[in-house]
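Please treat every number below as a calculation from the coordinates, not as lab data. Please read these numbers as outputs of a predicted model, since none were measured by experiment. With ideal geometry, Cβ positions are generated from the backbone for all residues, glycine too; neighbour counts draw on all protein chains shown.
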Amino acid sequence: MLKIDQLQVRQLPPLTFEVDAGACLAIEGPSGSGKTVLLRAIADLDATEGQVFLDGVERQAMTGAEWRKQVRFVAAEARWWEPTARPHFADVAGAYRLLVGLGLDSSHLDRPLDVLSTGERQRLAFARALCDNPPVLLLDEPTSALDAAACALVEREILARLDAGVAVLIVSHDSEQIERLSDARLQLGPLSPQASARAPASQLVVDA
Amino acid sequence: MSLTAIDIGLAALLLVINAGLSLAFRLGLAKDLIFSAIRMVAQLSLVGFVLRYVFQSGSLWLTSGTALVMILVAAFEVGQRQTPRFRGFVAEGLGLVTLLVVGTISTLYAVGVVIGPSVTSGPGLLTSFEPRHVLPILGMILGNTLTAVCLSLATLVDLTKRERGAIEAQLALGATRHQAFQRLTQSVLRTAMMPIINAMAVTGLVTLPGMMTGQILAGADPTDAAKAQMMIMFVISGAAGLGAFAAVLGGVRLLTDKRHRLRLDVLVG
């Protein structure tokens, strides 16, 4: 479904891999190894060499905006541009079921974002990114600010999306979470120049 | 009203007093004051001679050439006024296109349509295109448009750097660059238009505008001078607004690419 072909991200060796519909690929590696920049590159938020296909269609065949409507990057730290969450949702009615499933309710849409907890904001941002049902999700540490209960709700939503045929790439520092969600792993090495010189492409392991 | 060199020398005496004060109190300003005063005298004398020559020749080519030089100097200034700056000469290019289009259209409109019929007895349109009408009006339009364009670009660059996260969040959700920058461009335009709105609001109450002062000193009736000032205020405000608008639209394009990605790497420093 999502095919990455010779994608050149920073100093990493060119990356080639595929993620099928309903499959979850975990991206692992130490801090600074390029996990976030890889997700941003796939979402076409940064200029990179290489090709990315969705259902056989290369992203250059559509506008950047059309691509990102389908290949949705969810940043580790959500940014907001209005004081409350409601104006950030394209389809508020469609978001209610999602919010309830994440342990939130409609009151969270209208309270000032800066009085909400970090965890509530993280779940709101997750709902904001999912409410128009993009077929590919690029999740950057989606549960970093959540307690165990809220984390379980987010994971349940991710599993439901996977069942519905969504392709998911997830960056997480929680190895048990990766165990629960992912079918395959992509290991990125540290980005220091010596390390990448000593250990080239072979360091990238996809144990699909 | 014709001033002699002695008159100007007497006026300069005030500045000499300033220089003396600076020396007495060791402000270190005396050198700068004298240097800029000499520069001002040299520049204005040169401009006076050039304009006299152009006005006397009445040549369309000389007038256009002078206008082009004015526009080029202004466009160069556009590139110097943001921190961080744009890489290469893209800001100068945007300034050039904006000032060329806005300056030309506004000047032609002001000279041909607005003042044309009143300064000539015959069919107004063509006879009013004399260098002595075109160049000063272009100068006033360029000066004000330049301020608005510079303010737009500087504010746009500043806000984009600060709001980078919010802009990218919108792009990631599938917004086009124009949608993602919409809130930003609104506040940029409000900022850029503020000096123009303020200038119109207080003009005449605190200070008399330069052109009106000049006309009154030259012996014109104050009510006529006021009418001429209104005309020029409308033209320069309109031109500055158009300039700000064009600069912010162009600026958004410079800060993004064809894939609608935010490209802060076009900025240096």
- Other protein chain Cβ atoms within 10 Å, averaged over every residue that makes up A:34-46: 2
- Roughly speaking, what is the centre-to-centre gap between the stretch B:146-215 and the stretch B:16-36 when only Cα atoms are used, to the nearest Å? 37 Å
- Task: Kindly give the semi-axes, whole Å and largest first, of the ellipsoid equivalent to the protein assembly as shown, taking each as the square root of 5 times a Cα gyration tensor eigenvalue.
- Result: 60, 24, 22
- Query: About its Cα centre, how strong a charge dipole does the stretch A:2-206 have in debye, to the nearest 20, once Lys and Arg get +1 and Asp and Glu get -1 at the Cβ?
  - Reply: 260 debye
- Query: So how do A:K35, B:K227, A:K3 line up by other beta-carbon neighbours within 10 Å, fewest first?
  - Reply: B:K227, A:K3, A:K35
- Query: To the nearest 0.05, what FRET efficiency results for B:A199 and B:I105 with a Förster distance of 25 Å applied to their C-beta separation?
  - Reply: 0.75
- Task: Quick one: compute the contact order of the stretch B:99-232, relative version, from alpha carbon pairs under 8 angstrom and 6+ residues apart, as a percent.
- Result: 19 percent
- Query: What are the semi-axes of the equivalent ellipsoid of the stretch B:1-57, taken as the square roots of 5 times the eigenvalues of the Cα gyration tensor, listed largest first and rounded to whole Å?
  - Reply: 30, 14, 5
- Item | Theoretical ellipticity at 222 nm over the protein assembly as shown - DSSP helices of four or more residues, -39500 (n - 2.57) apiece, nearest 500 | -18500 deg cm²/dmol
- Query: With charges set only on the Cβ (+1 for Lys and Arg, -1 for Asp and Glu), what does the dipole of chain B come to about its Cα centre, in debye to the nearest 20?
  - Reply: 980 debye
- Task: Once you have the Cα-Cα distance between B:V41 and B:W61, take 0.36 nm times their residue separation minus that, and quote the gain in nm to one decimal.
- Result: 4.5 nm
- If you take the square roots of the eigenvalues of the alpha-carbon gyration tensor of the stretch A:1-55 and sort them as a ≥ b ≥ c, do you get rounded (a/c under 1.5), prolate (a/b over b/c) or oblate? oblate
- Message: As an exercise, use a Förster radius of 51 Å and the Cβ-Cβ distance of B:M230 and A:A184 to find the FRET efficiency, rounded to the nearest 0.05.
- Response: 0.10
- How high is the relative contact order of chain A, in percent, with contacts defined as C-alpha pairs under 8 Å that are six or more residues apart? 31 percent
- Task: Within 10 Å of each Cβ in peptide A:59-66, how many partner chain Cβ atoms are there on average? Round it to a whole number, please.
- Result: 4
- Using a Förster distance of 56 Å, the FRET efficiency for B:V73-A:E18 (Cβ separation, nearest 0.05): 0.50
- Query: Just B:A192, B:A244, B:A218 to compare: in a GNM of chain B, with alpha carbon springs under 10 Å, which one fluctuates most?
  - Reply: B:A218
- Item | Residue (of A:S144, A:P87, B:L33) at the positive-pole extreme of the protein assembly as shown, dipole from beta-carbon charges | B:L33
- Task: Report the extension gain between A:D5 and A:D147 in nm, rounded to one decimal, defined as 0.36 nm multiplied by the number of residues separating them, less their alpha carbon distance.
- Result: 47.4 nm
- Message: List the residue ranges in chain B for DSSP H helices whose C-alpha atoms run 18 angstrom or more along the long axis and whose Kyte-Doolittle average is 0.0 or above.
- Response: B:5-24, B:30-57, B:60-78, B:90-108, B:131-162, B:177-202, B:222-255
- How much of the DSSP beta bridge set in the protein assembly as shown is antiparallel, as a percent to the nearest 5? 50 percent
- So how tilted is helix A:148-163 from the main axis of chain A? Cα-based, degrees 0 to 90, rounded to 10. 70 degrees
- Query: In Å, what is the Rg of the alpha-carbon atoms in chain A, and how long is Dmax?
  - Reply: 17.1, 54
- Item | Of A:A150, A:A184, A:A164, the one that fluctuates the most in a GNM where chain A has Cα springs shorter than 10 Å | A:A164
- Query: So, in Å, what gap is there between the alpha-carbon centers of the stretch B:221-269 and the stretch B:40-77?
  - Reply: 23 Å
- Counting only C-alpha contacts under 8 Å and six or more residues apart, can you give the relative contact order of chain B as a whole percent? 22 percent
- Query: How would you rank A:C151, A:C24, A:C131, going from fewest to most other Cβ atoms within 10 Å of each one's own Cβ?
  - Reply: A:C151, A:C131, A:C24
- Task: State the three equivalent ellipsoid semi-axes of chain B, derived from the C-alpha gyration tensor as the square roots of 5 times its eigenvalues, in descending order and whole Å.
- Result: 37, 26, 18
- Item | Shielding by partners - mean other protein chain Cβ count within 10 Å, residues of B:164-171 | 6
- Message: Run the numbers for A:Q51 and A:A164: contour at 0.36 nm per residue of separation, minus the present Cα-Cα distance, in nm.
- Response: 38.1 nm
- Task: For the protein assembly as shown, give the magnitude of the charge dipole about the Cα centre (Cβ charges: +1 Lys/Arg, -1 Asp/Glu; no others), in debye to the nearest 20.
- Result: 1340 debye
- Message: Positive end of the dipole of chain B, charges at C-beta (+1 Lys, Arg; -1 Asp, Glu), about the Cα centre: which of B:G48, B:V188, B:G210 has its Cα farthest in that direction?
- Response: B:V188
- Task: Under 20 Å from a label point 7 Å along Cα→Cβ of B:R164: give me every residue in the stretch B:231-269 with its amide N that close.
- Result: B:251-269
